[in-house]
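Participant: I have a structure I would like to understand better, so I am pasting it below and will then ask my questions one at a time.
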Amino acid sequence: MEPTVFPIIAYGLTSDKFTVTELRDLVKFQIIPLLTTVPGLAKVDMVGGADAEVQVMVDPHKLDAYGMSLSDVVSALTAANVLQAIGRLEDHNKLYIVISNSKFVETDQVRDVVLRSDAHSVVRIRDVAEVKDGTVPQWIRVVEDGKNAVLFQVYEQPDGNAVQIAGLVRDKLAAFKWPEASTSRTGTTRARWSSNRPPACADAVLIGLVLSGIVLFLFLRNWRIILVALLIVPATLLTTVLLLQALGQSFNIMDARRHRGGRRPHHRRHHRHGGAHCAPRWRPGAPL
């Protein structure tokens, strides 16, 4: 299995002051753009938290009293929440794209959307619906030390160096100005496990040589054979390493096993049932 399908390092972000929605925005708009400049990094994945949205809870009785339907509400919100290119402008050998941005920024803008206007009255969204801030339903929950958290995971490219990438990620996060009352904890790091493997491999080779020498001595009682065996093993290993290096290969297949140690934020899946209502959902910045 490709080692790049697993993250090389992951962080769980918690806070006593900020909500998981604000933490998710922090990761999405500041942390991920910061880390995408790291050489050899493939992507930064994010789990947990909740995306903010504006919920329009339509009262069907009020809507019916004005002689309107739910499709009229959807059409009005769609027409008022638009981001589109409306033309081009040429000036001094430069081409500028003219964009019209009428997307909603605040909840009050949604309330003031006009559904119908005539000589007698003006019907707005707030007259037929309750508009409030909410979050997109989440089915995965991340918990760190008993607190709701946002987990972001770093993946390497197939030819990337996990140890080097993890070091650059730590340096960037250390230089980042974190908000007060926020805590970042390393959840899992395959890079640290990989960096500890060379000393462990060297110890394993030495222990194997000693044990094989003891076994040969107990059965053969011939120092010449023992000496030949003790010289052939490291010579063969050294020749293999030099040959792999000459071919541009390595022993990187040791990274293919996922590291299962360390503290990893806990994921919980929630299944929500019932509670259907006549309410179109709209997320800030998203098309209707």
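Participant: Give, rounded to the nearest 20 debye, the magnitude of the charge dipole that segment 55-131 has about its Cα centre when Lys and Arg contribute +1 at Cβ and Asp and Glu contribute -1 at Cβ.
Facilitator: My answer is approximately 200 debye.
Participant: When we measure straight from the Cα of Lys103, which lysines land under 18 angstrom away, once same-chain ones fewer than 8 places off are left out?
Facilitator: Partners found: Lys132.
Participant: Based on the alpha carbon coordinates of segment 114-173, what radius of gyration and maximum Cα-Cα distance (Dmax) apply, in Å?
Facilitator: According to the Cα coordinates of segment 114-173, Rg and Dmax are 24.3, 70 Å.
Participant: So, one more: Classify segment 10-90 as rounded, prolate or oblate from the Cα gyration tensor: take a ≥ b ≥ c as the square roots of its eigenvalues, call it rounded if a/c is under 1.5, otherwise prolate when a/b beats b/c and oblate if not. Show your work: numbers first, answer last.
Facilitator: On the way: a/c = 3.98, a/b = 1.64, b/c = 2.43.
The shape class here is oblate.
Participant: Still on this model: What lysines does Lys17 reach when the alpha-carbon gap must be under 17 Å and sequence neighbours fewer than 8 apart in one chain are set aside?
Facilitator: Lys147, Lys177
Participant: A further question on this structure: Please state the relative contact order of segment 55-131 as a whole percent: Cα pairs under 8 Å, 6+ residues apart? Intermediate results must be reported in sequence, preceding the final value.
Facilitator: On the way: 92 pairs, mean separation 26.2, N = 77.
About 34 percent, as a whole number.
Participant: Still on this structure, I have one more. Using the Karplus curve 6.51 cos²θ - 1.76 cosθ + 1.60 with θ = phi - 60°, what ³J(HN,Hα) values do you get for each residue of segment 47-53, in whole Hz, with x for Gly and Pro?
Facilitator: Running phi through 6.51 cos²θ - 1.76 cosθ + 1.60 with θ = phi - 60° gives 10, x, x, 8, 7, 6, 8 Hz.
Participant: Going by average Cβ neighbours within 10 Å, how do the peptides 28-37, 204-213 rank, with the highest at the top? It would help to have the intermediate numbers written out before the result.
Facilitator: Numbers: 28-37: 14.4, 204-213: 12.2.
So the order, starting with the most tightly packed, is 28-37, 204-213.
Participant: I need the semi-axes of the equivalent ellipsoid of segment 197-252: take the C-alpha gyration tensor, multiply each eigenvalue by 5, square-root it, list largest first in whole angstrom.
Facilitator: Details: eigenvalues 145, 37, 6 Å².
In descending order, the three semi-axes are 27, 14, 6 Å.
Participant: Tabulate in residue order the Karplus-calculated ³J(HN,Hα) for segment 215-225, using 6.51 cos²θ - 1.76 cosθ + 1.60 with θ = phi - 60°, rounded to whole Hz; enter x for Gly and Pro.
Facilitator: So the J values, rounded to whole Hz, are 5, 5, 5, 5, 9, 9, 6, 10, 5, 5, 5.
Participant: Among rounded, prolate and oblate, which fits segment 55-131 when a ≥ b ≥ c are the square roots of the eigenvalues of its C-alpha gyration tensor, a/c under 1.5 means rounded, and a/b larger than b/c means prolate? Kindly include the intermediate steps, with their values, before the conclusion.
Facilitator: Details: a/c = 3.50, a/b = 2.69, b/c = 1.30.
Prolate.
Participant: Taking the Cα centre of each part, how many Å lie between segment 56-106 and segment 197-247?
Facilitator: Computed from Cα coordinates, the inter-centre distance equals 73 Å.
Participant: Mind giving me the FRET efficiency for Trp223 and Leu243? R0 is 45 Å, r the Cβ-Cβ distance, nearest 0.05 is fine. Could you put the intermediate results ahead of the total?
Facilitator: Details: r = 30 Å, r/R0 = 0.68.
Computed FRET efficiency for Trp223 and Leu243: 0.90.
Participant: Please turn the phi angles of segment 20-29 into ³J(HN,Hα) values with the Karplus equation 6.51 cos²θ - 1.76 cosθ + 1.60 (θ = phi - 60°), one per residue in order, whole Hz, x for glycine and proline.
Facilitator: Running phi through 6.51 cos²θ - 1.76 cosθ + 1.60 with θ = phi - 60° gives 5, 5, 5, 5, 5, 5, 4, 5, 5, 9 Hz.
No lab work stands behind these numbers, since they all come straight from the coordinates. Keep in mind that this is a model prediction, so the values were computed, not measured. Every residue, glycine as well, gets a Cβ built from its backbone with ideal geometry; the counts of neighbours run over all protein chains shown.
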